[in-house]
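Working notes, structure below.
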């Protein structure tokens, strides 16, 4: 596809648009993972986490069609998302962290962003791959141009979280919802019980959301009681 052709720019616009629409949940994860870091490191975590996630998504998009056929992959991904969702509800209250531990916190935040983006992108990358029509250079350009927009969305969401902490719970619940849906659509499960109706998949997502929020709340209460003793 030639750089000067209308088809190139139409496909490029489609990739950017699809990636922005499908990256809403990823922006939630980025903001959640960065919220407990110092302000300077928040910006670093958002930038490097977003950039690394886009690079990983390029690779994932190229092989996504085959990966989604692997049995048990979505189930493992769902369990990872449940764990990440609960972990992100537990704020790091240790305000006396030294510089070394702060550096470790930045790396942990970036790692969390990468793992969550990898898991949640398993379905999303199919739409991006379709928009690219097999053109890998076009795919790379489109996803790269999406980075500033994802960073902006994550930064904005982080500021909103500081004013409205309930969004943290909602974001963790979103990860649980995605985990529930992912679990029930795994090829291994579908092969055993058949494809479930849409409402049952949504119900599984709701159960996943409730599970993450409930576990996160219980662990928060447990941590607070330990501090009092």
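Count of the range 93-110 residues, restricted to those that are modelled with pLDDT of 75 or more and either over 23 Å from residue 165 (Cα atoms) or exposed (fewer than 13 other Cβ atoms within 10 Å of the Cβ) (or both), is 1. Considered as a group, the residues in the range 60-92 that are in a helix (DSSP H, G or I) and modelled with pLDDT under 75 include one that is surrounded by the most Cβ atoms within 10 Å (Cβ to Cβ), and that residue is 61. Scanning the range 143-162 for residues that are out of contact with any strand residue (DSSP E or B) (no Cβ under 8 Å at 6 or more places or on another chain), in a helix (DSSP H, G or I) and either over 23 Å from residue 51 (Cα atoms) or modelled with pLDDT of 85 or more (or both) turns up at least one hit.
Just wondering, is there one or more residues in the range 168-188 that are surrounded by 13 or more Cβ atoms within 10 Å (Cβ to Cβ), in contact with a helix residue (DSSP H, G or I) (Cβ under 7 Å, 6 or more places away or on another chain), modelled with pLDDT under 75 and closer than 23 Å to residue 209 by Cα? No, the range 168-188 contains no residue that is surrounded by 13 or more Cβ atoms within 10 Å (Cβ to Cβ), in contact with a helix residue (DSSP H, G or I) (Cβ under 7 Å, 6 or more places away or on another chain), modelled with pLDDT under 75 and closer than 23 Å to residue 209 by Cα.
Filtered by the rule that a residue be in contact with a helix residue (DSSP H, G or I) (Cβ under 6 Å, 6 or more places away or on another chain), modelled with pLDDT of 70 or more and assigned to a helix (DSSP H, G or I), the range 12-41 gives 12, 27, 28, 29, 30, 31, 32, 33, 34, 41.
The values are calculated or read from the model by the stated rules, or taken from the named source; none is laboratory data. Not measured: the values here are computed from a predicted model. Ideal geometry is used to build each Cβ from the backbone, glycine not excepted, and the neighbour counts take in all protein chains shown.
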